[in-house]
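S.K.: Here it is, the structure, as structure tokens.
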């Protein structure tokens, strides 16, 4: 394979990952803020004995997380991640603040090495 063919392959791969990466990044940020919102409603529920905000917000948070899972799996398949990398990113959406870190790490890795 010549250098120009290698460049064309890398450029094509990066181009095919641009949209899935952008969608994943947005979902990771929304999920991160969604987890922070969930923390707030859990404090209200268990700290102040008011379950109403939790009853309203918890299903919304669940839907946000499902979108995050779908977009992370989509990016994982297109970027050809290992199973471990995929599971780690999926679990990152469960822990407050970790989805923000995962978003940065995934972005840097995908941009540096489109297939990891």
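S.K.: When you go through (1) surrounded by fewer than 20 Cβ atoms within 10 Å (Cβ to Cβ); (2) without any contact (Cβ under 8 Å) to a residue 40 or more places away in the chain one by one for residue 111, which number turns out not to apply?
M.R.: (2)
S.K.: Output yes when any residue across the range 54-69 is touching a residue at least 12 places away in the same chain (Cβ under 8 Å) and not in a helix (DSSP H, G or I), and no when none is.
M.R.: Checked the range 54-69: no residue is touching a residue at least 12 places away in the same chain (Cβ under 8 Å) and not in a helix (DSSP H, G or I).
No value in this document is a laboratory result; all are computed from the given coordinates. Quick caveat: nothing in here was measured; it's all calculated off a predicted structure. Note: ideal-geometry Cβ built from the backbone for every residue, glycine included; neighbour counts use all protein chains shown.
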